[in-house]
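The structure appears right after this line, and notes come after that.
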Amino acid sequence: MRSFRIEENSMKRFSTIAALAILGISAAFATPLTATLEATSQPFDVENGGGFDATINGGTSFFEMYCVDYRNDITLFVDYAVNIIDLGTDPTDFTNDTRYGDTADATFSTAVGPGNVTIGTTVYTVNSAYNRYLLAAYLITQYNQSSVTTTDDNIQDAIWTLLNVNGATFSPGPDSEISAALTWEEGETAGQLQAFADTVEIIDSQNLATGTQTTCSSPSSTERYCNGMQEMITFTTTPEPAALALLGGGMLLLGSLWRRRKI
């Protein structure tokens, strides 16, 4: 998996800049978060989706995010007011503030499979919106980041298929990629799936308030264009408790530097 990356010219020694970077990372990905997002480039273009570089709140540190939403768009160098929802720890925000979080199982165009899956201590249907986002996140980790291949095209199509709703015009991706994701899921324990979910962050427009995004998942809607930008997924390899520890570490480092300058 490629987690978000910080682009600094030099990391040879700790400095105030490094301490502020630690604070920025932990604060940026401690959810729920309201923020301003700007996509700055699309270095991994897969069928006009794939991976984008972006910044939060006008910062200079870049992270990577990946397209999971077929029928909506994002424009480079435009500021978007967004919510960043942690898939693992924000179930209410997931339901209310993601584009398809409140979508009924039967409303999705393609059935994923029968049965249930336990993630942490919660049992979900395999076809649930929550599980579809989890499978989409896993598929993102299977991209070949060195160059775009046919497999990458198939993965992007499979991600769009997982979150495709009835009435939307889209050719489903190959079953093999979704089957591979299900095989991965079946081989993981409930705890391992929870740990993975804790690394998944969903980026959505703030104007997708409760009830608004249902316009996009209505069976009567022939297309899914609606208010808001394209939905994205990014990753943080730091679960919530560790993120708090990281935040504290940044504060301690700043305090240490401040004391050192006072001496």
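The values are calculated or read from the model by the stated rules, or taken from the named source; none is laboratory data. Because the structure is a prediction, the values reported are computed rather than measured. Because the Cβ atoms are built from the backbone with ideal geometry, glycine has one as well, and the counts that use them run over all protein chains shown.
Number of residues in segment 121-159 that are over 17 Å from THR183 (Cα atoms), of a type in the set (A, V, I, L, M, F, W, C) and within 19 Å of the chain's Cα centre (by Cα) equals 1.
Among the residues here, ALA158 does not qualify as at pLDDT 95 or above and crowded, with 20+ Cβ neighbours inside 10 Å.
Screening THR118, THR107 for residues that are touching a residue at least 24 places away in the same chain (Cβ under 8 Å), under 16 Å from GLU186 (Cα atoms) and more than 17 Å from the chain's Cα centre (by Cα) leaves exactly one candidate, THR118. If you go through segment 106-126 and keep only what is touching a strand residue (DSSP E or B) at 6+ places or on another chain (Cβ under 9 Å) and assigned to a strand (DSSP E or B), you end up with PHE108, ASN116, VAL117, THR118, VAL123, TYR124, THR125. Being over 13 Å from the mean Cα position of the chain (by Cα) and in contact (Cβ under 8 Å) with a residue 40 or more places away in the chain holds for only one residue in ASN83, ASN96, and it is ASN96. Residue count for segment 129-159 under the criterion of being out of contact with any strand residue (DSSP E or B) (no Cβ under 6 Å at 6 or more places or on another chain) and not in a helix (DSSP H, G or I): the result is 8. Residues considered: ASP93, ASP97. Of these, the only one that is closer than 20 Å to ARG71 by Cα and modelled with pLDDT under 95 is ASP97.
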